[in-house]
Amino acid sequence: MLTVIIAAICWYFVSGKDNPNVRKKFRSGLGTMGKLIAALLLFFPISIILIVMAAVVSGLFSSFGSLIPFIIIISIIKGIANGKKNATKREQSTEYQEIKKNDKAAAEYKLTRSTGRRVKIVSKFNKKYNLRLTDDQIERIMNASYVSYYWEKEIYDMSLDYNVPAEWLKSSTDWLRAYLLAFPVMDIASDINVQRTIVINSYLQIFKAVQGKSYYSVDEMIKDVNNMFLVNFDEMTFMIAHKFLKQSGFEFELPQIGVMKNMSEIDRLAEQYDKMDNKKPDPTPLAR
């Protein structure tokens with residue numbers, strides 16, 4: 001191609017320049033060629049820059065690819081180190097020692113560190129067992145689980161499968177779980193000691209209100225409590241609340257067994273009937 005261009009230029013200067021038509025076409029072609037050359041000259045440095053940038057980026061990706069195995073190894077080592085650090089911190093915690101003492105079978109647990117997954121666990125459990133926790137309360141429980149091993153353990157236990165809610169109640173924190181099940185409106189505190197005080201006061205309000213009233217059975221008392229306070233106690237959660245108050249220094253009497261009390265009532269009515277039956281008739285004759 002270059003040879004053809006040089007030959008054309010030589011022919012023009014030897015014989016073509018004297019021909020007006022040839023000279024006009026040549027100059028027109030030269031102008032077009034000049035524009036093309038100028039464009040190529042402008043594009044050349046840009047293309048060089050792009051080629052250099054592509055080479056640099058390619059080199060970086062190539063270097064990064066070679067570093068991937070080292071990055072994975074470092075991440076694994078870091079994860080193991082953090083795991084040991086967290087385990088040591090947990091073993092030194094008073095809260096965790098209390099959990100371990102009260103619930104040895106379930107003391108060893110491992111909960112995800114993801115905030116989103118923790119929220120999802122509580123939300124799913126809340127919906128499944130109709131706990132009526134609000135979104136703000138779920139968020140508070142999630143946040144508390146990073147500073148309180150009790151709340152961390154609660155979320156972990158919520159991630160497990162249960163055949164019935166009563167199976168979930170079997171725990172050293174049954175007082176808290178009974179509260180979550182029975183109360184449609186509840187207060188949630190990050191500090192477990194504050195939460196314990198909240199639950200005690202809630203239970204006290206209920207038992208003080210029914211103390212001294214006459215009931216044929218515990219079931220009748222529970223029914224009255226549920227209607228009075230708009231709560232949802234059943235026999236199991238009610239007895240957990242009663243036991244928790246007793247352990248906390250507050251003791252309340254429960255109704256006697258229903259059958260025994262009903263029998264005493266029947267005996268009283270029978271005695272009244274006997275008195276009426278043995279009553280002598282009035283000897284005064286009827287007036288005619």
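The values are calculated or read from the model by the stated rules, or taken from the named source; none is laboratory data. Bear in mind that the values here come from a model prediction, so they are computed numbers and not experimental data. So basically every Cβ, Gly included, is an ideal-geometry build from the backbone, and we count neighbours across all protein chains shown. Note: accessible area is taken over every heavy atom of the protein model, side chains too, but ligands, DNA and RNA are not part of it. Shrake-Rupley method; radii C 1.70, N 1.55, O 1.52, S 1.80 Å.
A few points about this structure:
- Label-point separation in nm, MET53 to SER123, each point 7 Å along Cα→Cβ: 4.2 nm
- Rounded to 0.05, the FRET efficiency of the GLU251 and ASP161 pair, given R0 = 35 Å and the Cβ-Cβ distance, is 0.45.
- Cβ-based net charge around SER202, under 14 Å, with every Lys or Arg adding one and every Asp or Glu removing one: +2
- When the surface is traced with a 1.4 Å probe over the full set of protein chains, ILE188 keeps roughly 10 Å² accessible.
- ³J(HN,Hα) computed for each position of the stretch 206-213 - Karplus, 6.51 cos²θ - 1.76 cosθ + 1.60, integer Hz, glycine/proline x: 6, 5, 5, 5, 9, 5, x, 6
- For the set SER145, SER190, the ranking by accessible area, highest first and with no ligand, DNA or RNA atoms included, is SER190, SER145 under a 1.4 Å probe.
- Accessible area of the stretch 126-231 divided out per residue, in Å², using a probe of 1.4 angstrom: 49 Å²
- J(HN,Hα) series, the stretch 234-251, from Karplus relation 6.51 cos²θ - 1.76 cosθ + 1.60, nearest Hz, glycine and proline x: 10, 4, 6, 5, 5, 5, 5, 4, 4, 5, 5, 5, 5, 5, 8, x, 10, 10
- Per-peptide average of other Cβ atoms within 10 Å, ordering 156-166, 200-210 highest first: 200-210, 156-166
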